[in-house]
Structures are given as structure tokens and as C-alpha cells.
Amino acid sequence: MTRTLHVLNGPNLNLLGEREPSIYGADTLADVEALAARVGDELGFGVECFQSNHEGALVDEIQRIRHDSGGIVINAGAYTHTSVAIRDALASVEAPFVEVHISNVHAREAFRHHSYLSDKAVAVIVGCGVQGYEFALRRLAALAATP
């Protein structure tokens, strides 16, 4: 049975390619999801993608997949810096998760330097553009292969 990796995206990531392309690049959310599917196929994993601008919807999705996911890639967007609810939901997941940010949040405004998720994540990838999603999926696949 093939395990499924999940890619979760938070607020405003539906506007990738349109919103502040000088920071986030020209790739769209559809491009990110296609990249994730290609990498998942290469690695022998199914990939499911989910995006919401609503904190509760992200919590609901994390709870839905908490027992069945092989791993989670999460770009929680602004909720990274504000959401204890998403942190608590991720703490209930049996599989590891990787936190991803397209931009280098540490080179931006001070409020972006703190993450409620990082200390629970198995890895944090920042500033690699959408390639960070690929890195995260490869890391989760490597962890799944480790006895």
C-alpha cells in the first residue's frame, strides 16, 4: 500500500504568482501542486494537496489526516506566526511534518521570525522558493524509508 504525503497551504497561498511576485515568485499554487504530484510519483508516494485561507479549515484537515498521512508538508503562511491551534493539531499527527516557507522569513519583518510550528517540525525549509516543497517531500520520503 502506498502511503500518502499531504501538502497543506495556508492563507494567501492561493494567490501565488499574483501576490508580491518579487517575494514569492511567478509560480502558482497549481504549479506547486503539480510539482508535488511529480515528486510524489517519483518517490512512490501519493500526494494530496489542500489550501485554505481559514484557520479552522486547516485544523479540520490536519485532524482528518492525522492517522493516515505518511507525512505533511505545511506552509501555514501567516498562521505560522499566530496559530497555536494549528500547532496543537499538528502535535496530534502520528507522522512527521516539514514546515516550508517560500521566502526567507528571517530576512523579512521581525514578526515573521517566530514560528509556533518549528520546534515540532522534523525540518524547516525557508527561502528556497517553491523548490522547498520538493525538498520537504524528499525529506519525508527519506524518513519513511528509515527503519
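For the stretch 50-93, the tally of residues that are assigned to a helix (DSSP H, G or I), closer than 23 Å to Ala37 by Cβ and small (Gly, Ala, Ser) stands at 2. So in the stretch 7-61, with the set limited to residues that are more than 16 Å from Ile74 (Cβ to Cβ), touching a residue at least 12 places away in the same chain (Cβ under 8 Å) and of a type in the set (Ser, Thr, Tyr), which one is surrounded by the most Cβ atoms within 10 Å (Cβ to Cβ)? Only one residue fits best here, namely Tyr24.
Within the stretch 69-83, can one find any residue that is without any contact (Cβ under 8 Å) to a residue 40 or more places away in the chain and surrounded by 17 or more Cβ atoms within 10 Å (Cβ to Cβ)? Before the answer, list the steps.
Initially, the stretch 69-83 is screened for residues without any contact (Cβ under 8 Å) to a residue 40 or more places away in the chain, giving 81-83.
The next check asks that each one be surrounded by 17 or more Cβ atoms within 10 Å (Cβ to Cβ); those that pass are 83.
The answer is yes; a qualifying residue exists.
So, in the stretch 8-18, exactly how many residues are on the phi > 0 side of the Ramachandran plot and within 15 Å of the chain's Cα centre (by Cα)? So the count comes out to 1. A single member of Glu42, Glu33, Glu109, Glu55 is more than 17 Å from Ala123 (Cα to Cα), in contact with a helix residue (DSSP H, G or I) (Cβ under 7 Å, 6 or more places away or on another chain) and acidic (Asp, Glu), and it is Glu55. Residues that are at pLDDT 95 or above and surrounded by 18 or more Cβ atoms within 10 Å (Cβ to Cβ) are absent from the stretch 104-115.
Cβ separations smaller than 7 Å between residues 6+ apart or across chains give the following pairs from the stretch 99-127 residues that are among the aromatic types (Phe, Trp, Tyr) to residues that are loosely packed, with under 15 Cβ neighbours inside 10 Å and in a helix (DSSP H, G or I): Tyr116/Val84. When only residues in the stretch 19-52 that are over 14 Å from the mean Cα position of the chain (by Cα) and polar (S, T, N, Q) count, which is farthest from His114 (Cα to Cα)? Result: Thr28.
Within the option set Gly46, Gly70, being of a type outside the set (Ser, Thr, Tyr) and touching a Lys or Arg at 6+ places or on another chain (Cβ under 6 Å) holds for one residue only, Gly70.
The values are calculated or read from the model by the stated rules, or taken from the named source; none is laboratory data. Nothing here was measured: the structure is a model prediction, and the numbers come from that model. Virtual Cβ from ideal backbone geometry, glycine too; neighbours counted across all protein chains shown.
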